[in-house]
Amino acid sequence: MNMHARSVTAVIAVLAAAPVVLAGAGAHAQQASPFPDGPGREIVAQACTQCHQAGPITQMRMNELGWRRQIYNMVLRGAQVGPGEIDAATAYLAAHFGPGVPVPNQSNAEVKLADGPGASIVAGGCTLCHGLDRVVATHRPGRQWAPIVERMVEIGAPLDAQQAAEVLTYLQANYGDTPPARK
């Protein structure tokens, strides 16, 4: 066989094997997806990963209202989600990444909260969506805790107004930085 015939044969062999290799790669990519199967999965997987990786989505825990607001926010930023896809994407995200759904690969390291009124509410309410490590590692001026607690309640933290106030007082007292004194 001459050189030209061998080159053509090699190209044909590579082209013939390509669909098998690509099909295997596609199957592997589907298995490695961080998004569980379900209606709305493709919308979320395609629209959200155009701009960022799946991690921010799979780590968040919001109720339907929180996810709907997040989707609208992302659409305003350019996410390609059509009006007819918003309900399916919202339902999918709330079902698979809502309050109480375990966070994948979350550290199970025990974290000790500071003692005080409100600690048990923080331990019970906050851990539905994230670890306590997030609470104890966050020190911020007391005034910054109010919008955080309000947002957590908006997106699904099961706190009534009295509990939210108690949590806010607890966080400000135990995980708030005192602003430096003015001279």
- Message: Can you say whether residue 66 is farther than 30 Å from residue 37 by Cα, surrounded by 13 or more Cβ atoms within 10 Å (Cβ to Cβ), in contact (Cβ under 8 Å) with a residue 40 or more places away in the chain and not hydroxyl-bearing (Ser, Thr, Tyr), as far as the supplied structure shows?
- Response: no
- In region 124-148, residue nearest to residue 70 (Cα to Cα) [restricted to those that are more than 25 Å from the chain's Cα centre (by Cα) and in a helix (DSSP H, G or I)]: 143
- Note on the structure: By residue number, the members of region 38-63 that are assigned to a helix (DSSP H, G or I) and modelled with pLDDT of 90 or more are 41, 42, 43, 44, 45, 46, 47, 48
- Query: In region 149-160, how many residues are assigned to a helix (DSSP H, G or I) and either at pLDDT 95 or above or within 13 Å of residue 125 (Cβ to Cβ) (or both)?
  - Reply: 3
- Task: Go through region 112-157 and give me each residue that's on the phi > 0 side of the Ramachandran plot and among the acidic types (Asp, Glu).
- Result: none
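The values are calculated or read from the model by the stated rules, or taken from the named source; none is laboratory data. Quantities reported herein were computed from a predicted structural model and do not represent experimental measurements. Every residue, glycine as well, gets a Cβ built from its backbone with ideal geometry; the counts of neighbours run over all protein chains shown.
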